[in-house]
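Asker: Here it is, the structure, as structure tokens.
The values are calculated or read from the model by the stated rules, or taken from the named source; none is laboratory data. As the structure is a prediction and not an experimental result, all values here were calculated from the model. So basically every Cβ, Gly included, is an ideal-geometry build from the backbone, and we count neighbours across all protein chains shown. Remember, those area values only see protein heavy atoms, side chains included, never the ligands or the DNA or RNA. Shrake-Rupley method; radii C 1.70, N 1.55, O 1.52, S 1.80 Å.
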Amino acid sequence: MVFSSPVFLFLFLPMTLLCYALASLRRDVRLKNAVLLVASIVFYGYGGFGYLGLFFVSIFVNWKIGLILSESEAGKRRVVFWAGIAWNLGILIVFKYLNLLGETFASLGGFLLRKEIESPIPQIVLPIGISFFTFQIMSYLIDVYWNRVPCQKSLSRLALYIMLFPQLIAGPIVRYIDVETEIGERESHLDDVYEGVFRFMCGFAKKILLANAMGKGADLAFGQRPGMGMIYAWTGILCYSLQIYLDFWAYSDMAIGLGRIFGFHFPENFNHPYLSKSVAEFWRRWHISLSSWFRDYVYIPLGGSRCSTAKNCRNYLIVFALTGIWHGASWNFLFWGLYFACFLIVERLGFRKILERLPGILRRLYTLIVVGVGWVFFRAETCSQAIGFLREMCSMKWMGSLDRELAELMAGPKFILLFVISILCCTPFFSGLRSWLERHHLGMVADLGIVVVFFLSVCEMMASGYNPFIYFRF
């Protein structure tokens, strides 16, 4: 089930809100938690109940490990902790990376023997959201092991933390330490509900009206044969840069908004990353929950920046290799992670000082070009396709041959308008406009505006059909 679907919007969400409101009348957090847990199970199982058993087993195992960690001596705690980490990483490796290992083995074997070899591993279907909920439960185990939080003795409360449907499938990655208190005691005030609804509608509109439109342009551009020319290639990667940001930001907004309605305060996941003046700043602003997860649980334990330059560079390579592989079981993603690690290392070795002397617009342009080239490897199906697209971006032919559909789309007034609005969304323009209206006691104008846009988005959703989010594949 996706947020941008009629089933969710007109059936699942109203029924969940109604049941939650009735449970809130009793002022019993156990009843409210029960409603959310049942709703989360239905939400995840809607697309198929095949992996719910694995989900439940994993929750039970991690709950028992947390209890053992809270009761054991140092030596045993270490063994149990690493066993728990191995369990969670093992699930991730089996379901997400085993296919890649099998395909790689078959490719190498076929190359050496000069004949086609089938993968020895049967295709395994990837459980939706496995990367997100694996990292969430690992953060719980690590924080319990480090004595940052007490273990959760209630199995149902730990299950709710892991399965809470707003952020279950595509984040933000919510750490147990951030919602520990709210799982046990919370209230949904009118201000929270208002802000949550507003945030959800904003995210919904960004997904349906903007991200989907930019995605169509990106899909057409990446589906072109060689010869499209520099302008269309750069426009295509700009469309994809806008699509992936608006799509993932929209999901995060909708998740944060739903969380506020139910009394949870999830962390922000984006902070205008395309305004960054360096690659390092970009990663402090992009997918903040993932970046901070790797920073706190991998980068800092490895020594962070408080070590020799050589070890610091090693830390960057490890963290961003893992970041790349986390995003997908493809060598493209590993290359994408290492690509960013190289720029971070270059900035660390002194290029940062050179950047600081340049005008802000040049620093932002440098960051946008680096990030845009990186998105080519993220979007392309294979490395060869990525290299071919980069050739088009560097081509001396300004405008080449391309399909009529792409040319008509990019020249259409509707697309151009949505393209400009998408760019404005990458800046604080709309949040600043809302603040200005509220300061002048015109907040109702902003509310009315988002209601109208939300209505248009619903109409577009009904006409377009299925609207999956990009990050569902991770």
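Asker: Are any residues in segment 175-185 open to solvent by less than 90 Å² (accessible area, probe 1.4 Å) and over 26 Å from the mean Cα position of the chain (by Cα), and if so, which ones?
Answerer: Hit for segment 175-185 is 184, nothing else.
Asker: Quick check on my filter: what residues within segment 427-437 are surrounded by fewer than 18 Cβ atoms within 10 Å (Cβ to Cβ) and either modelled with pLDDT of 95 or more or in contact with a helix residue (DSSP H, G or I) (Cβ under 8 Å, 6 or more places away or on another chain) (or both)?
Answerer: 427, 430, 433, 437
Asker: Considering only segment 31-48, how many residues are touching a residue at least 12 places away in the same chain (Cβ under 8 Å) and open to solvent by 20 Å² or more (accessible area, probe 1.4 Å)?
Answerer: Number of matching residues: 8.
Asker: I need the full set of residues from segment 144-180 which are in a helix (DSSP H, G or I), of a type in the set (S, T, N, Q) and modelled with pLDDT of 90 or more, in order please.
Answerer: 156
Asker: OK, next. With respect to residue 100, is the statement that it is loosely packed, with under 14 Cβ neighbours inside 10 Å and within 22 Å of the chain's Cα centre (by Cα) true? Don't jump to the end; show me each part of the working.
Answerer: On the way: loosely packed, with under 14 Cβ neighbours inside 10 Å: no; within 22 Å of the chain's Cα centre (by Cα): yes.
Taking the combined requirement at face value, the residue does not satisfy it.
Asker: What is the number of the single condition among (1) more than 24 Å from the chain's Cα centre (by Cα); (2) not in a helix (DSSP H, G or I) that residue 329 does not meet?
Answerer: (1)
Asker: Considering only segment 338-368, how many residues are surrounded by 13 or more Cβ atoms within 10 Å (Cβ to Cβ) and either assigned to a helix (DSSP H, G or I) or at pLDDT 95 or above (or both)?
Answerer: Number of matching residues: 20.
Asker: Turning to a different aspect of this structure: If you take the residues of segment 16-30 that are in contact with a helix residue (DSSP H, G or I) (Cβ under 8 Å, 6 or more places away or on another chain) and within 28 Å of residue 461 (Cα to Cα), which of them is surrounded by the most Cβ atoms within 10 Å (Cβ to Cβ)?
Answerer: The extreme case among them is 16.
Asker: Same structure, new question: How many of the residues making up segment 369-385 are open to solvent by less than 60 Å² (accessible area, probe 1.4 Å) and under 22 Å from the mean Cα position of the chain (by Cα)?
Answerer: Qualifying residue count, segment 369-385: 11.
Asker: Within segment 305-316, does at least one residue satisfy the condition of being part of a loop (DSSP other than H, G, I, E, B), modelled with pLDDT under 90 and open to solvent by less than 20 Å² (accessible area, probe 1.4 Å)?
Answerer: Narrowing segment 305-316 to residues part of a loop (DSSP other than H, G, I, E, B): 305-308.
Still in the running and modelled with pLDDT under 90: 305-308.
Applying the additional criterion that residues be open to solvent by less than 20 Å² (accessible area, probe 1.4 Å) yields none.
No, because not a single residue in segment 305-316 is part of a loop (DSSP other than H, G, I, E, B), modelled with pLDDT under 90 and open to solvent by less than 20 Å² (accessible area, probe 1.4 Å).
Asker: Still on this model: Given the options 205, 221, name the one that is open to solvent by less than 20 Å² (accessible area, probe 1.4 Å), among the small types (Gly, Ala, Ser), at pLDDT 90 or above and in a helix (DSSP H, G or I). I'd like the intermediate steps shown before the answer.
Answerer: Values: 221 fails: at pLDDT 90 or above.
From the options 205, 221, the qualifying one is 205.
Asker: From the list 322, 290, pick out the single residue that is open to solvent by 20 Å² or more (accessible area, probe 1.4 Å), within 30 Å of residue 390 (Cα to Cα) and assigned to a helix (DSSP H, G or I).
Answerer: None of the other options fit; the residue is 322.
Asker: Taking segment 65-96, which residues are acidic (Asp, Glu) and not in a helix (DSSP H, G or I)?
Answerer: Answer for segment 65-96, where residues must be acidic (Asp, Glu) and not in a helix (DSSP H, G or I): just 73.
Asker: Please state which of the following conditions residue 263 fails to meet, knowing it meets all the rest: (1) open to solvent by less than 30 Å² (accessible area, probe 1.4 Å); (2) more than 25 Å from residue 352 (Cβ to Cβ); (3) not in a loop (DSSP other than H, G, I, E, B).
Answerer: (3)
Asker: Mind counting the residues in segment 182-195 that are in a helix (DSSP H, G or I) and farther than 13 Å from residue 160 by Cα?
Answerer: Qualifying residue count, segment 182-195: 6.
Asker: Would you point out the residue of segment 224-236, among those that are of a type outside the set (S, T, N, Q) and surrounded by fewer than 23 Cβ atoms within 10 Å (Cβ to Cβ), that is nearest to residue 169 (Cα to Cα)?
Answerer: 234
Asker: Could you pull out the residue among 219, 191 that is free of Cβ contacts under 8 Å to residues at least 12 places away in the same chain, within 21 Å of the chain's Cα centre (by Cα) and more than 30 Å from residue 60 (Cβ to Cβ)?
Answerer: After ruling out the rest, the residue left standing is 219.
Asker: Filter segment 271-287 down to residues that are over 19 Å from residue 324 (Cβ atoms), within 18 Å of the chain's Cα centre (by Cα) and in a loop (DSSP other than H, G, I, E, B), then give me how many there are.
Answerer: Of the residues in that region, 2 qualify.
Asker: Within the set of pairs 6+ apart or on separate chains, which have a first residue in segment 10-21 that is more than 12 Å from residue 258 (Cα to Cα), a second that is open to solvent by 60 Å² or more (accessible area, probe 1.4 Å) and of a type outside the set (D, E, K, R), and C-beta atoms under 9 Å apart?
Answerer: 12/42; 12/46; 19/38
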